[in-house]
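Working notes for the structure below.
The values are calculated or read from the model by the stated rules, or taken from the named source; none is laboratory data. Just so we're clear, the structure is a prediction, and the values are computed from it rather than from any experiment. No Cβ is skipped: glycine too gets one built from the backbone with ideal geometry, and neighbour counts run over all protein chains shown. Only protein heavy atoms, including side chains, enter the accessible area calculation; ligands, DNA and RNA are left aside. Shrake-Rupley method; radii C 1.70, N 1.55, O 1.52, S 1.80 Å.
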Amino acid sequence: MVWRGDVVRGVVHDHDELFEALTLSQTRKVTQFPIVLLGTAYWSGLLDWMRDTQLAEGKISQSDLDMMVL
């Protein structure tokens, strides 16, 4: 199955779409693909939190973060 989704910043469901894309890729339900996030100012806070909190607490791995490109 090949999945193509657009995560557009500022849209009501943008974070939902991002985490759906990550989950589908992690579980190999779709062909793995790079997740490119446009808008450094918009996404950097979320990525900082994921790195500083989730990664630090062992809830995610570095490979999870490496799936996303800012």
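Go through the stretch 15-51 and give me each residue that's small (Gly, Ala, Ser) and exposed (fewer than 14 other Cβ atoms within 10 Å of the Cβ). Residues satisfying the conditions are 39, 41, 44, 45.
Figure legend. Inter-residue proximity from the stretch 36-54: first residues closer than 11 Å to residue 65 by Cα, second residues hydrophobic (A, V, I, L, M, F, W, C) and surrounded by 11 or more Cβ atoms within 10 Å (Cβ to Cβ), beta-carbon distance below 6 Å, spacing 6+ or different chains. Indicated pairs: 54/60.
Does residue 5 satisfy being small (Gly, Ala, Ser), part of a loop (DSSP other than H, G, I, E, B), at pLDDT 90 or above and open to solvent by less than 100 Å² (accessible area, probe 1.4 Å)? Judged against the criteria, residue 5 is not a match.
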